[in-house]
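Any read-out appearing in this document is the output of simple, stated calculations on the displayed coordinates, not a laboratory observation. Treat the numbers as computed from the prediction; the structure is a model and nothing was measured. So basically every Cβ, Gly included, is an ideal-geometry build from the backbone, and we count neighbours across all protein chains shown.
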Amino acid sequence: MEEYRIEAAKTAIVLIEPQHDFLKPGGSMYQYIAEQLKDRKVIPNLVHLLSKARGKVKKIIYVPFEAFEPGFPELDPKGPGMMGLRGLEMDFPTGWRLKGKPVRGAWVKGTPGPEIIKELTPKKGDLVLRGKRTLDAFWSTSLDYTLRTNMIEWVAIVGFHTNWCVESTARSAYDKGYRVVVIGDCTGTDTQAEQDYAEKVIFRRIGLVMDHQEFLKKLV
């Protein structure tokens with residue numbers, strides 16, 4: 001593949017779902033991803049990437065998953081969402097409590113689950129886009145509008161999970177005409193096998209795959 005230099009003034013880093021339910025003990029999905037987070041140093045890598053990229057790239061954009069009211073009244077329990085990931089997430093146990101009662105399910109409002117973790121707190125100048133309730137970060141947010149109005153050409157995607165929301169967003173970015181970079185060591189999923197397949201097979205047919213140090217070196 002052609003050797004690219006990445007023009008920082010036309011680049012956005014899109015950070016998907018840096019929230020407690022994925023990244024901290026007690027989170028509904030933390031138990032599945034915890035080993036990979038630790039072994040691959042994903043959170044320290046993200047902290048380093050963002051600290052070095054701020055002031056260089058045009059935008060750093062956070063796309064957290066939107067919270068649900070307790071009991072998930074927004075979703076019909078017989079609806080199509082129950083056939084997929086959303087239905088599974090609604091039944092995951094957590095370490096959270098509301099009004100003294102244990103909470104089941106991901107992204108429940110009033111718990112720490114939907115909150116962005118302290119290490120990755122947005123800084124002045126970062127953007128936080130709300131509304132994400134789908135795998136693809138473009139689908140239910142203003143991400144495409146935000147990128148286009150900021151004249152972004154390069155979209156560098158990081159976050160969670162590698163082979164779910166990161167992959168769906170990367171595919172969509174490619175189809176919309178952006179140059180896609182997936183920063184592999186700043187993404188994470190449940191197993192190394194899933195991570196490897198996404199990096200070695202999927203992402204290389206969508207754009208570029210690199211670690212965060214290589215990405216920072218390629219910025220001009």
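Listed here are the residues, each with its yes/no results for (1) at positive phi; (2) not aliphatic (A, V, I, L, M).
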residue	(1), (2)
A9	no, no
F22	no, yes
K41	yes, yes
N45	no, yes
F72	yes, yes
F92	no, yes
W96	no, yes
Quiz prompt | Residue among T134, T111 that alone is under 25 Å from Y32 (Cβ atoms), of a type outside the set (G, A, S), within 15 Å of the chain's Cα centre (by Cα) and buried (at least 16 other Cβ atoms within 10 Å of the Cβ) | solution = T134
Quiz prompt | So T191, is it among the hydroxyl-bearing types (S, T, Y) and surrounded by fewer than 18 Cβ atoms within 10 Å (Cβ to Cβ) | solution = yes
Quiz item: Does segment 88-104 contain any residue that is among the small types (G, A, S) and in contact with a helix residue (DSSP H, G or I) (Cβ under 6 Å, 6 or more places away or on another chain)?
Solution: no
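Yes/no per residue for (1) more than 21 Å from M29 (Cα to Cα); (2) in contact with a His (Cβ under 8 Å, 6 or more places away or on another chain); (3) loosely packed, with under 12 Cβ neighbours inside 10 Å:
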site: G55; (1), (2), (3): yes, no, yes
site: E69; (1), (2), (3): no, no, yes
site: G84; (1), (2), (3): no, no, yes
site: G95; (1), (2), (3): no, no, no
site: E119; (1), (2), (3): no, no, no
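Here are I60, I43: which of them is surrounded by 18 or more Cβ atoms within 10 Å (Cβ to Cβ), assigned to a helix (DSSP H, G or I) and in contact with a strand residue (DSSP E or B) (Cβ under 9 Å, 6 or more places away or on another chain)? Lay out the reasoning, then the answer.
On the way: I60 fails: assigned to a helix (DSSP H, G or I).
That would be I43, the only listed residue that is surrounded by 18 or more Cβ atoms within 10 Å (Cβ to Cβ), assigned to a helix (DSSP H, G or I) and in contact with a strand residue (DSSP E or B) (Cβ under 9 Å, 6 or more places away or on another chain).
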Self-check item: Filter pass, F160 being in contact (Cβ under 8 Å) with a residue 40 or more places away in the chain, within 26 Å of A198 (Cβ to Cβ) and either touching a Pro at 6+ places or on another chain (Cβ under 9 Å) or hydrophobic (A, V, I, L, M, F, W, C) (or both)
Solution: yes
Self-check item: Set G95, G125: member being part of a strand (DSSP E or B), touching a residue at least 60 places away in the same chain (Cβ under 8 Å) and more than 15 Å from the chain's Cα centre (by Cα)
Solution: G95
